[in-house]
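The values are calculated or read from the model by the stated rules, or taken from the named source; none is laboratory data. All figures in this text were calculated on a predicted structure; none of them were measured in a lab. All Cβ positions, glycine included, derive from the backbone under ideal geometry; neighbour counts span all protein chains shown.
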Amino acid sequence: MLTIILSALALAAQAPAVPPSATQLPPAPQPVPAPVAPLVQADTRPYVALATDLGTITVRLEDKRAPVTAANFLRYVDTKRMDGFKFYRSTRSWGPASQLIQAGNRGDARKNFPVIAHEATNVTGLTNCKGALVMARLAPGDAMTDFFLLLSDIPGFDADPAQSGDNAGFAVFGEIVGGTDVAERIFAAPVSPTAGEGVMQGQMLEPMVTIKTARRVPAPADAPKGCVVKGG
C-alpha cells in the first residue's frame, strides 16, 4: 500500500504544472464609455417677428457684430413704436440686380429715437446678401427708423474704403429667417406710377403695407444659417 502511494506521489510530481490562467475566470468586460456629444453653443441672438398685412416676416439680429444698429431696432420693437410702421417702397423698377423693400415710420415723427452711429460692413464683417436686414440712411450717422430687406445680393451696398466719396455703404445688422415669401409679396405689391421723388419715383407702394406688430420671438428650431456673416 505504501508503495502505491509513493508511486502516485512520484507521478504527480512529474506531471506538468497547470498554468494559473487555466484555472481563472476571464476578466469582466469593461464598459465602453458613451460617446460625448459635441457642445452646441446656444443661439442667443434676438429674433423678431414682423406681423404685416400680408403675413409675418421673422428676422434674426446680429447684435454682437452690429450692436448699435441692432439695439436701435430692438428699442423700437420693445417700446412697440414699430407697431404701425409701413413697408412703403419696392425697387422692382431697378431690375433683378437691386431688389429690396423699405420700411420705416411714415407717420408720427415723435416716435423717432435719435440718430445712431454708422456700423460699416468692413468693420462688422457682415455683407449685403440676399435676405439681409439693412439700415437705410442718407449720410453715415443719420439713420433712425428706416430699414431694408434685401431680396437679391447687392454687393455695392458693402463699404469699400478704397473708393472715393461716400464709401461707407449700408449697415447690415441681421437677416430674414422666415417669411421670405411674404417679403416677396410686398416686393410685388402695386406701386404708384407718380409718387416718390428722384430715384424713388415709381417705387412707392400703393397701398403701403403696415407692420401691425413687431415682437421678439424665440429662435426657430429650423432657423437657417444665413449669409450675412462672411465666411460662416
Given the structure, is Phe87 more than 24 Å from the chain's Cα centre (by Cα) and of a type in the set (A, V, I, L, M, F, W, C)? no
Quick check: is even one residue across the stretch 158-168 hydrophobic (A, V, I, L, M, F, W, C), buried (at least 16 other Cβ atoms within 10 Å of the Cβ) and touching an Asp or Glu at 6+ places or on another chain (Cβ under 8 Å)? no
Only one of Gly156, Gly174, Gly198, Gly169 is at pLDDT below 95 and either more than 25 Å from Arg81 (Cβ to Cβ) or in contact with a strand residue (DSSP E or B) (Cβ under 6 Å, 6 or more places away or on another chain) (or both), namely Gly198
Given the condition of a type in the set (S, T, N, Q), without any contact (Cβ under 8 Å) to a residue 60 or more places away in the chain, in contact with a Ser or Thr (Cβ under 7 Å, 6 or more places away or on another chain) and assigned to a helix (DSSP H, G or I), answer yes or no: does some residue in the stretch 100-116 qualify? no
Mind checking whether some residue in the stretch 171-185 is assigned to a loop (DSSP other than H, G, I, E, B), in contact with a Lys or Arg (Cβ under 7 Å, 6 or more places away or on another chain), touching a residue at least 24 places away in the same chain (Cβ under 8 Å) and of a type in the set (Asp, Glu)? no
Residue check, Lys64 of a type in the set (Lys, Arg), outside any helix (DSSP H, G or I), under 30 Å from Val191 (Cα atoms) and under 24 Å from the mean Cα position of the chain (by Cα): no
If we keep just the residues of the stretch 197-222 that are in contact (Cβ under 8 Å) with a residue 12 or more places away in the chain and assigned to a loop (DSSP other than H, G, I, E, B), which is surrounded by the most Cβ atoms within 10 Å (Cβ to Cβ)? Gln203
Inspect the stretch 132-144 for any residue being of a type outside the set (Asp, Glu), surrounded by fewer than 17 Cβ atoms within 10 Å (Cβ to Cβ), part of a helix (DSSP H, G or I) and modelled with pLDDT of 95 or more and give the result as yes or no. no
